[in-house]
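Enquirer: Here's a structure for you.
The values are calculated or read from the model by the stated rules, or taken from the named source; none is laboratory data. It should be emphasised that the depicted structure is a prediction, and the values quoted were computed from it without experimental measurement. We place every Cβ from the backbone using ideal geometry, glycine too, and count neighbours over all the protein chains shown. For the accessible areas, the whole protein counts, side chains as well, though only heavy atoms, and no ligand, DNA or RNA atoms are used. Shrake-Rupley method; radii C 1.70, N 1.55, O 1.52, S 1.80 Å.
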Amino acid sequence: MIFKQYVLAFLLGTACCGSVEAQTFDFTKPQPVYADSIGYGYDVVEAPAKKSNKPFFFSVKVPDGNYKVTITLGSKQKAANTTVRAECRRLFLEPVDTKKKEFRTYTFVINKRSTAIDAKRKVKIKDREKDYLHWDDRLTLEFNGAAPAVKSIKIEKDEEARTIFLCGNSTVVDQSREPWASWGQMFPRWFNEKVAVCNLAESGLTAGSFLAQGRLDYILSKIKKGDYVFCEFGHNDQKEKGPGAGAFYNFSYNLKKFIDQVRAAGGELVFITPTQRRAFDNSKQHILETHKDYPDAMRAVAKREGVQVIELHDDTRTFFETLGYENSTKALVHYPANTFPGQEKALADNTHFNTYGAYEVSKMVVMGMKKLQLPMVENLRSDWKDFDPSHPDDWKVFNWPLSPIFEVAKPDGN
């Protein structure tokens, strides 16, 4: 499947020359279909018809970096309902209702990246990543919802925002296809224009393979004083075999590499213990500890090195047990056959979150930040409400307009 044929694609950027000057796009006037020769335009799916309520996408070339994006939503012709996401389904605005002739303006910062670390080195991405929107030369926005409508978009380079870099596996990555999702792609939703999120996670990675592929090198080439690196591993690390494998040897050694290199570059590091798997005991009331020594190894390294820790391992246990044996499936990719296009068999994955589950876990990360009193919590959006995993949001009313790209095969890792 060619991801570009289906994916959310409003690519935020500038002109074909890669200019970083502020640009404004007026959607009350006709816009072109994307082409490299002009560097912006509707992309991926057909340009929207005048009265269409379908998702639409627009692309603009920009160099790597953070971009302040100011979007005015609404229409003179219709009442609208618009969700805004970027790159690979990265959430920025939940459904916004506007009456006919009503307009609302929002500003946030989006990180755009390519595989280039410097003039000689590149991140060694997997084959499945090569058609992801977050590894190309454009910044991508998706406009979705019951009746999406955009009046204008302004894009300008941002050098001021504090960046949170995310390291991890399939529970963290910006999952590119429905119905899969991870907390990292929901995380930007909670911050104002003072915070950017750069997510380097990928499905199937261990701490060691993340390092070997140059993903931390990419972070080190961009990080500045005051930026943070969040690091969640353990799911795949526990499956490593061979000499030195184990929680208190190779895994701990690799975590120490993250600490030393991030600190040497002037950044701050936070460990995040791995999310639980939905593995209930025979009573169907309590979650089994399937990660063995790996959460404790992460805690031990953190204590020894003075690293702060966010306890997703504990919070997701509470979350699953609160939902219960049956309803906990509503947070994961559990769907009967034919729920999605091309899905001939039922999906029953007890590791990978759906959009509701990922959304809830992202709130747990923010609450972990608040407990640690990290400086970025000063930049939470005004509509943030504190969250307790023992009192989760109602999955029955969660609203996520589906993106027009689906994948039956589960992500790497388990």
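Enquirer: Filter the stretch 45-62 for residues that are touching a strand residue (DSSP E or B) at 6+ places or on another chain (Cβ under 9 Å) and of a type in the set (A, V, I, L, M, F, W, C) and give the result.
Expert: V45, A47, F56, F57, F58, V60, V62
Enquirer: Let me ask something else. Could you pull out the residue among G204, G184, G168, G234 that is within 9 Å of the chain's Cα centre (by Cα), closer than 30 Å to T329 by Cβ and small (G, A, S)?
Expert: G184
Enquirer: I've got another one for you. Are any of the residues in the stretch 187-202 surrounded by fewer than 24 Cβ atoms within 10 Å (Cβ to Cβ) and part of a helix (DSSP H, G or I)?
Expert: Looking for residues that are surrounded by fewer than 24 Cβ atoms within 10 Å (Cβ to Cβ) and part of a helix (DSSP H, G or I), one finds at least one in the stretch 187-202, hence yes.
Enquirer: I need every pair where a residue in the stretch 213-228 that is touching a residue at least 24 places away in the same chain (Cβ under 8 Å) has its Cβ under 7 Å from the Cβ of a residue that is among the aliphatic types (A, V, I, L, M) and assigned to a strand (DSSP E or B), sequence separation at least 6 or different chains.
Expert: Qualifying pairs under 7 Å: I219/V229; Y228/I164; Y228/V270.
Enquirer: Among the residues of the stretch 126-142, write down those that are open to solvent by less than 40 Å² (accessible area, probe 1.4 Å), part of a loop (DSSP other than H, G, I, E, B) and either at pLDDT 95 or above or in contact with a Phe, Trp or Tyr (Cβ under 9 Å, 6 or more places away or on another chain) (or both).
Expert: Residues of the stretch 126-142 open to solvent by less than 40 Å² (accessible area, probe 1.4 Å): 129, 131-136, 138-142.
Now narrow it down to the ones that are part of a loop (DSSP other than H, G, I, E, B): 131-132, 136.
Listed by number, the residues that qualify are D131, Y132.
Enquirer: Further, regarding this structure: Under 8 Å between Cβ atoms, which residue pairs at least 6 apart in sequence (or on different chains) link something in the stretch 124-148 that is within 18 Å of D36 (Cα to Cα) with a partner that is of a type in the set (K, R) and part of a loop (DSSP other than H, G, I, E, B)?
Expert: Close Cβ pairs (under 8 Å, with a partner that is of a type in the set (K, R) and part of a loop (DSSP other than H, G, I, E, B)) amount to H134/R113; W135/R113.
Enquirer: In addition: I need the full set of residues from the stretch 64-99 which are in a loop (DSSP other than H, G, I, E, B) and closer than 26 Å to E159 by Cβ, in order please.
Expert: Looking only at the stretch 64-99, we keep the residues that are in a loop (DSSP other than H, G, I, E, B), and these are 64, 75-79, 87-89, 99.
Of everything in the stretch 64-99, those that are in a loop (DSSP other than H, G, I, E, B) and closer than 26 Å to E159 by Cβ turn out to be D64, E87, C88.
Enquirer: Where the second residue is among the hydroxyl-bearing types (S, T, Y) and at pLDDT 95 or above and the first is within 22 Å of V377 (Cβ to Cβ) and lies in the stretch 154-165, which pairs have Cβ atoms under 8 Å and are six or more apart or on separate chains?
Expert: Between residues of the stretch 154-165 that are within 22 Å of V377 (Cβ to Cβ) and residues that are among the hydroxyl-bearing types (S, T, Y) and at pLDDT 95 or above, the close pairs are D158/Y67; R162/Y228; T163/Y228; I164/Y228; F165/Y228.
The rows are residues; the columns are (1) part of a loop (DSSP other than H, G, I, E, B); (2) buried (at least 22 other Cβ atoms within 10 Å of the Cβ).
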{"position": "V333", "(1), (2)": "no, yes"}
{"position": "A337", "(1), (2)": "yes, no"}
{"position": "G342", "(1), (2)": "yes, no"}
{"position": "K345", "(1), (2)": "yes, no"}
{"position": "T351", "(1), (2)": "no, no"}
{"position": "E360", "(1), (2)": "no, yes"}
{"position": "K363", "(1), (2)": "no, yes"}
{"position": "K371", "(1), (2)": "no, no"}
{"position": "V377", "(1), (2)": "no, no"}
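Enquirer: Moving to a separate point now. So R189 clears everything in (1) within 11 Å of the chain's Cα centre (by Cα); (2) under 28 Å from Y253 (Cα atoms) except one condition, right? Which one?
Expert: Tallying (1) within 11 Å of the chain's Cα centre (by Cα); (2) under 28 Å from Y253 (Cα atoms), R189 fails exactly one: (2).
Enquirer: Does the stretch 61-82 include one or more residues that are touching a Phe, Trp or Tyr at 6+ places or on another chain (Cβ under 6 Å), touching a residue at least 24 places away in the same chain (Cβ under 8 Å), under 25 Å from N199 (Cα atoms) and among the aromatic types (F, W, Y)?
Expert: no
Enquirer: Considering only the stretch 100-124, state which residues are crowded, with 16+ Cβ neighbours inside 10 Å, of a type in the set (A, V, I, L, M, F, W, C) and outside any strand (DSSP E or B).
Expert: Correct list: I117, V123.
Enquirer: So how many residues does the stretch 28-63 have that are open to solvent by 80 Å² or more (accessible area, probe 1.4 Å) and of a type in the set (S, T, Y)?
Expert: Quick first cut of the stretch 28-63, residues open to solvent by 80 Å² or more (accessible area, probe 1.4 Å) only: 28-30, 33, 36-37, 46, 50-51, 54.
Okay, now just the ones that are also of a type in the set (S, T, Y), so 28, 37.
Number satisfying all stated conditions: 2.
Enquirer: Let me confirm something: among Q276, Q261, Q285, which residue is assigned to a loop (DSSP other than H, G, I, E, B) and under 24 Å from the mean Cα position of the chain (by Cα)? Write out each step before concluding.
Expert: Details: Q261 fails: assigned to a loop (DSSP other than H, G, I, E, B); Q285 fails: under 24 Å from the mean Cα position of the chain (by Cα).
The match here is Q276.
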